[in-house]
Structure formats: structure tokens, C-alpha cells
Amino acid sequence: MRTLAPDLTRKRAVNLTLNEALVAQAKSDTSNLSATVETLLTDYVAQQQQSHASRRKMADACAADWNAVHACVGSFADEHSTL
């Protein structure tokens, strides 16, 4: 999945339920809470996409290894056909 830069996409209001004290503390540290949350969410989404891609790569490598074993040795089930 390709992500777009946050500044190049359309923005819309959303409802979030957040800890009131945490929001108050965050507002004292940033002048734009929406931009801060958007940056953190963008980083989180990118991290999740990287994690999924890594798992997909490992699964592809595992399948390739099993296919190589099958090509060299064959399948255990080949010797036990019920036909």
C-alpha cells in the first residue's frame, strides 16, 4: 500500500476519544495537536506496513525453501497415494 504525504491529501474532521489529561499535556508541548497526531499516525502506519512487508517476505522465502525441498526430494504423500 502506498502512502501519500500528509500535506498533499484532503483533510477531514474525525472523532477520537482521548485521555483528557494527556491531551492537556500534549497541547502544552505543541502548537498544533492535529499535526502532531497526524505525524505520529503516519509513522505508525508506515511501521505497520513495513512489518507486514517483512512478514510477507519471510513467508515467501519459506515457501520458496519448501518448493526447493519438494523439487529435490519430492513429497512424503507421493508414496502413499490412495488411488
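What single numbered condition from (1) at pLDDT 95 or above; (2) touching a helix residue (DSSP H, G or I) at 6+ places or on another chain (Cβ under 8 Å) fails to hold for GLU38?
Failing condition for GLU38: (1).
Looking at (1) surrounded by 11 or more Cβ atoms within 10 Å (Cβ to Cβ); (2) closer than 26 Å to LEU8 by Cβ, which one does VAL23 not meet, given that it meets all the others?
Against the list (1) surrounded by 11 or more Cβ atoms within 10 Å (Cβ to Cβ); (2) closer than 26 Å to LEU8 by Cβ, VAL23 comes up short only on (2).
The values are calculated or read from the model by the stated rules, or taken from the named source; none is laboratory data. These figures come from a predicted structure and were not determined experimentally. Here Cβ is always computed from backbone atoms with ideal geometry, including for glycine, and neighbour counts include all displayed protein chains.
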